[in-house]
Amino acid sequence: MDKRLWLAAGLAVAIAGCSRANTSASVLEDAQEAIGNPSSIQYSGSGMNGWVGQAPTAGEEWPRRELSSFTRTVNYEQRSAREELNFAQPVFGGQQQNAAVNGEKAWRMGPDGPVPQLAAAEERQLHIWLTPHGFLRGAVAAGNATLAEAEGSHVISFTALGKYKIDGTIDAENRVTKVETTIADPVLGDTDVIANYSEYQDFSGVQFPTRIQVTQGEFPSWDLTITSVTPNAPLDLPVPEAVQAATIPPVQTTSSRLAPGVWHVMGGSHHSMVVEFNDYLAVVEAPLTEARSLAVIAEAKKLAPNKPIRYVLTTHHHFDHVGGLRAYVAEGATVVTHQSNVPYFEKTVMAPATLMPDTQAKSPKQPTFQGVSDKHVITDGKQTIEVYATSGDSHTNEYTLVYLPGPRILVEADAYSPGPANAPPPPMPPPDAVKLYDDVQNLKLNVATIAPVHGRGAVPVAELRRFIGRG
């Protein structure tokens, strides 16, 4: 062979050896070599946690909870994690949270021991794979991760837990800089969660970001400065017996008749009220999830058959109080809410919900709204509901009181949640309960009974007076 051909062939082999074509497997291998592949990790620091779904005004950023300390320990091989954080909260002062997940079991530590939180297990597992090392491990384990190139970075994608598409960005230094996915939310529908990682440092041979910034539903949910990292930290996290034996309880409703055509529908942590008119029904509050609302809707139709639900009324926009709102829109009900909530709800009730399709997603209905800026009345001449927009309280700027002048019943949420009968009043009356009473007085509402969204059930207004020291 010609000498020049030998040289060309040798050069081609050399070039091929130096420029390995990138594959998802090679990119993941390089990244694990660069930042390490610990079997577990513990990281601590301080920063901010955004309280998702609890914004003072609908559409604003989640309220910030300043964290004096934060520690998360993750065992990638066991799919377990524990999170401990301390923060200050208005009115309640210093608060501590201790949450855990091990496989399909999740719980929090309460003052009396572990409290099952089984419905939270899947999302907590997902967050394991959103950490830098968890993402790499998850992508490798998937076996079918895909690779794309974007602006000088590699984007690796795989599916976790059978349905969550996770995309991770790996930069030119083989560091994971961003991990994102989409989760199901009963209010927002398909909701993006995006974790950004920066300012990597070496901790005992493992690279870890010292700045973690996460958004959920467009707004910051975490902003952490990490000061301590322990690779391969021990985490023995057995599932407590009470959690191991727990199951997700079925949605149940129990109804209490407060007056002719008025029922307090309970059976969980959040209550609703069904009000019967001549030709239709109104429901006050659509909390938690579609499943809860469907149960209340079924109960309403049993209590007053053959009458459509024409109205659903909300006390405020917080997600635990409107998580079932889409079910009523699908029923064709008009949403009666504080005027400032309307633009936000116009968006959320029509949002795509492909991860957890609800009735509204399967057969969308165009929503109708009745905004309340001062006072709104629903009446058929026999039954009457009055809705009052107030100035809000410590945790929401958009609050409505619902009053039935005939039976003199007031529906309110969060400001006053009656505890056990004959319980002593608190040493200091909670400001929101005081404001509730003052609002009732200023509006000149002749309330006899309070039907709260939380608490043990309907109580005489005298209990509120005693609770705030005015009885």
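P(r) of region 185-304 in 10 Å steps, Cα pairs, percent per bin?
Reading the bins upward from 0: 11, 22, 20, 21, 14, 9, 3, 0.
Which is farthest toward the positive dipole end of the chain among Phe219, Ala259, Gln244, measuring Cα position about the Cα centre, with Cβ charges +1 (Lys, Arg) and -1 (Asp, Glu)?
Of Phe219, Ala259, Gln244, it is Ala259.
Taking neighbour counts of Cβ atoms within 10 Å as a proxy for exposure, in what order, fewest first, do Met266, Met350, Met428 appear? Don't skip to the answer; put the middle values down first.
Numbers: Met266 21, Met350 17, Met428 10.
So the ranking, lowest neighbour count to highest, is Met428, Met350, Met266.
How many percent of the alpha carbon pairs in region 343-397 exceed a separation of 16 Å?
Details: 950 of 1485 pairs.
Taking all Cα-Cα pairs of region 343-397, the fraction more than 16 Å apart is 64 percent.
In Å³ and rounded to a whole number, note down the convex hull volume per residue for the Cα atoms of region 281-348.
Numbers: hull volume 4.8 nm³, N = 68.
Convex hull of Cα atoms, per residue: 70 Å³.
Alpha carbon centre of region 137-188 versus region 241-264: separation in Å?
40 Å
Taking a cut-off of 17 Å, what percent of all Cα-Cα pairs in region 385-471 are separated by more than that?
Percent of Cα pairs beyond 17 Å in region 385-471: 42.
In units of 2.2 N^0.38 Å, what is the alpha-carbon radius of gyration of region 26-129?
Working: Rg = 16.3 Å, N = 104, 2.2 N^0.38 = 12.8 Å.
Taking the Cα Rg and dividing by 2.2 N^0.38 Å, one obtains 1.26.
Percent of Cα-Cα pairs more than 23 Å apart in region 22-244, please.
Numbers: 11887 of 24753 pairs.
Here the long-distance tail beyond 23 Å is 48 percent of all Cα pairs in region 22-244.
Can you give the three extents of the C-alpha atoms in region 121-258 along their principal axes, from longest to shortest, in whole Å?
66, 34, 32
Just the projected area, averaged over all directions, of the convex hull on the alpha carbon atoms of region 254-467: how many nm²? Intermediate results must be reported in sequence, preceding the final value.
Working: hull surface 45.8 nm².
In nm², the orientation-averaged hull projection of region 254-467 is 11.5.
Please give the contour-minus-distance gain from Ser394 to Glu199: 0.36 nm per residue of separation, less the Cα-Cα distance, rounded to one decimal in nm. Walk me through the numbers before you get to the answer.
Numbers: separation 195, 0.36 × 195 = 70.20 nm, distance 3.64 nm.
Once the chain is fully extended between Ser394 and Glu199, it gains 66.6 nm.
Regarding region 226-359, what's the average projected area of the Cα-atom convex hull, expressed in nm²? Mind dumping the intermediate values first?
On the way: hull surface 52.1 nm².
Averaged projected area of region 226-359's Cα convex hull equals 13.0 nm².
Output needed for region 70-165: three equivalent-ellipsoid semi-axes, defined as square roots of 5 times the C-alpha gyration tensor eigenvalues, in descending order, whole Å.
Here the semi-axes work out to 31, 16, 10 Å.
Looking at the chain, identify the longest residue range that excludes and avoids all trypsin sites (Lys or Arg not before Pro) in DSSP loops having at most 11 other Cβ atoms within 10 Å. It would help to have the intermediate numbers written out before the result.
On the way: sites that count: Arg20, Lys382, Lys444.
Excluding the exposed sites themselves, the longest stretch runs over 21-381.
Would you kindly compute the Cα radius of gyration of region 23-67 and its largest Cα-Cα separation (Dmax), both in Å?
Both quantities, over Cα of region 23-67: 18.3, 47 Å.
Which value does Rg/Rh take for the chain over its C-alpha atoms, Rh per Kirkwood? Please report the intermediate quantities before stating the final value.
Working: Rg = 26.9 Å, Rh = 25.0 Å.
We get a ratio of 1.08 for the chain.
Scaled to the compact-protein estimate 2.2 N^0.38 Å, what is the alpha-carbon radius of gyration of region 413-455, rounded to two decimal places? Spell out each step's value before the answer.
Working: Rg = 11.0 Å, N = 43, 2.2 N^0.38 = 9.2 Å.
Cα-based Rg divided by the globular estimate yields 1.20.
What is the ratio of the Cα radius of gyration of region 313-356 to 2.2 N^0.38 Å, where N is its residue count, to two decimals? All intermediate terms of the calculation are to be shown ahead of the outcome.
Working: Rg = 10.2 Å, N = 44, 2.2 N^0.38 = 9.3 Å.
Expressed relative to 2.2 N^0.38 Å, the Cα Rg reads 1.11.
Which Cα, out of Gly381, Pro357, Gly371, lies furthest along the positive dipole direction of region 350-390 (beta carbon charges, K/R +1, D/E -1)?
Pro357
The numbers here are math on the coordinates, done by the rules we state, and not lab data. The structure presented is a predicted model; accordingly, all values stated were derived computationally and were not measured. Here Cβ is always computed from backbone atoms with ideal geometry, including for glycine, and neighbour counts include all displayed protein chains.
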